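Each value in this text was obtained by applying a stated rule to the coordinates, not by laboratory testing. Because the structure is predicted, anything quoted here is derived from the model rather than measured. Because the Cβ atoms are built from the backbone with ideal geometry, glycine has one as well, and the counts that use them run over all protein chains shown.
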Amino acid sequence: AQMCSGVLMLLHQFNGIGALVIYMVNIFQEANLSFDPRLAPVLIGVMRIITGVFSSLALKKGNRKYIFCTCTFTLCLCTSGLAASTIYRESVSTSPDWLGYLPFPLILVMFIAHSFGLNPVMNLITSEVFPTAVRSIGNGVVTCLGMGGMAVQANLYPHVLRWVGVQGCFFWFSINALFMTFYGYCVIPDNRGLSLTNIERGMEKKSGKKEVLPGNKDVTQGNKEVLQGKINLGAELKS
């Protein structure tokens, strides 16, 4: 369960969203946005709210694995586009005017993908994959991994920015988002339409855990004892 939920929550902090939330205005300034960078967070916040409403509708019928992987791959493309456009504008003296507005729609798409597929899917997985007996502890560990990753990312970003520039930071974010795409495709289960009880039973079967009967005997051992009792009774009747 931790390999599915905990690792994804930790990796999620290094795909650029956490840094954008904290340093959004500074990042827009570094990316040479053509209009006032202070207006961008307001517009992005409105779009995140609207996207969250549509996400709840899509997750009722949609395959969570495909939704998650599509959104992480979208993050990969957007961060790669931001890095490439920044390099181009710094290397060319007369770049087209429309490139000055490009960072805003790319970052807007990143937040839409995050609100639509990443954050909701990870929260759903965290609430489902842990057995009932340890669900609260498991959720707490996942939350600690997420908060710890965000703290590390927030402290590392200014130093990495000085070392490799904004384009290097976004290339790093794109690599992490691409890795999350493949990792999520391998580990995210499809639990659509299943109750928590059925999900827990399915996880037990995958782990090879046997259903335990009263008296600390598993089902297989109990069946063997019943069969042996029938054989003994048949032998007694014959004699």
With 0.36 nm assigned to each residue of separation and the Cα-Cα distance removed, V92 to L108 gains 3.2 nm
Which of the peptides 73-86, 142-155 is most tightly packed, and how do the rest follow, judged by the mean count of other Cβ atoms within 10 Å per residue? 73-86, 142-155
Using each residue's phi in region 126-142, evaluate 6.51 cos²θ - 1.76 cosθ + 1.60 at θ = phi - 60° and report the 3J(HN,Hα) Karplus result to the nearest Hz, with x for Gly and Pro. 4, 7, 10, 7, 8, x, 4, 5, 10, 5, 5, 5, x, 4, x, 5, 4
Note: V46 to W163 extended length (0.36 nm per residue) minus current alpha-carbon separation gives 38.8 nm
With +1 assigned to the C-beta of every Lys and Arg and -1 to the C-beta of every Asp and Glu, and no other charges, what is the dipole magnitude of region 20-161 about the Cα centre in debye, to the nearest 20? 580 debye
By per-residue mean of other Cβ atoms within 10 Å, what is the highest-first order of 168-174, 65-71? 168-174, 65-71
Spin-label model distance (nm) - M3 vs V152, 7 Å beyond Cα toward Cβ: 1.9 nm
Can you tell me how much longer the chain between C186 and V134 gets when fully stretched, taken as 0.36 nm per residue apart minus their C-alpha distance, in nm with one decimal? 16.3 nm
Ordering of 99-107, 41-49 by packing [mean C-beta count within 10 Å, highest first]: 99-107, 41-49
